[in-house]
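Remarks on the structure that follows.
Any read-out appearing in this document is the output of simple, stated calculations on the displayed coordinates, not a laboratory observation. Since the structure is predicted, the reported quantities are computational estimates derived from the model, not experimental observations. With ideal geometry, Cβ positions are generated from the backbone for all residues, glycine too; neighbour counts draw on all protein chains shown.
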Amino acid sequence: MTNLDGKNIEITKIIQRTMEAIAEGKKDIFEISEASRKEYNNLKKELEDFQVKVKSILKEVELLEQQEQISRKVLLAVSRNFATHTEEDIRRAYETANQLQIKLVLKRQEEKELIKRRSDLELRLKNALEILNKSENLMSKVSIAFDFLNGDLKNITDTIEDMNYRSSLGSRIIQAQEEERQRIARDIHDGPAQTLTNSVIKTELCEKLIDVNLEEAKHEIKELKKGLRESIKDIRSIIYNLHPMALNEIGFIPTVQRYASDFQMNTDIQVDLIILSKSDISDNTKTVTLFRIVQEALNNIRKHSQATVVKIKVEMTVMEIHLVIEDNGVGFNIDDIKGMDRNEKGFGILNMQERIDLLDGKFEIKTKKNNGTKIIVSIPNER
């Protein structure tokens, strides 16, 4: 067997693994697309119901305004003609006007809240539609890539020099997916799953206590509600870590500000965020990539650095977007990390490097033992 034949066999294996990864990704994208479609339809139905409620409340406010105006005129007339009306007449007129004013204030507040919720629903519906369109577009592109790899591959041999990197890329993608699934499963098991199991037990206890000790049953129901609220909070946290909706809604910089604030509150590590740009990042891929870099870096700092202060600097020029994350922690020997295999050093640093490589950017780590760590990222800012 010639050297070229051996490389062709290796290329075929690489392509097969890549196709398997793409097929798995295609399935995941399809599930995301279907979930997005379901979410969009649910939000659309909910918004339609809110439109009906808003119309109804507007009519009620209009009617109360008319009644309140009439009551004020009656009260004014009774007050001016004090001699012809008893004190009871005046008191009734005043109470009627006062009650209508209170009802009107409450109804206007209800109207305001409904309109705000309707606006929120409209924004969520718009974002859901964007996600649905993006997932369907991505599904189409993945299908094209899959069909290409499944067709005539004779010209692929021209890329032999780069195949060592590409052969490991498919398996790394699959491993990354598996690690992410394991993390999600662990978060759900340790959080919401445990709470919901306890909730089932408390529910059964409440059923038995209702006929025996009503006060104790009420106490257990309160504890049950508290546990369920914690479970909802955990689930929202898991969803946020998967993909913060704020990235789509308010953009990169406000999302990082919120994330940094939450990180500081939860870890007691001071976070100094420096934004040197007035405009935000418009490209969704770059937005997600840079947010994941911040997320991964802060996670590593929390776990390993023993830092007390973190500085994050974001700057955008015409040509590039710069991100710097620096801590005052214990640091590490970069040569030790380079000498480790993938399983020893974990996926974090490698993941950050590969994300930036995909955007033709630059990724650098500066660190020394007992002298902190500095991550420097630059990516093109073409629009």
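Data table
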read-out	value
Inter-centroid distance (Cα atoms) of the range 69-127 relative to the range 28-51, Å	38 Å
Peptide ranges 252-259, 28-35, 113-120 listed from the most packed, as the mean C-beta count within 10 angstrom indicates	252-259, 28-35, 113-120
Of every Cα-Cα pair in the range 3-151, the percent that sits beyond 20 Å	70 percent
Sequence ranges 203-214, 219-230, 303-314, ranked by mean other-Cβ count within 10 angstrom, highest first	303-314, 219-230, 203-214
Entries of K141/K362; K141/K278; K141/K313; K38/K116 with Cα pairs more than 32 Å apart	K141/K278; K141/K313
Antiparallel bridges, percent of DSSP beta bridges restricted to the range 245-380 (to nearest 5)	80 percent
For a label point 7 Å along the Cα-to-beta-carbon line of E130, residues of the range 245-270 with backbone N under 12 Å	245-252
Normalised convex hull volume, the range 245-380, alpha-carbon set, Å³ per residue	108 Å³
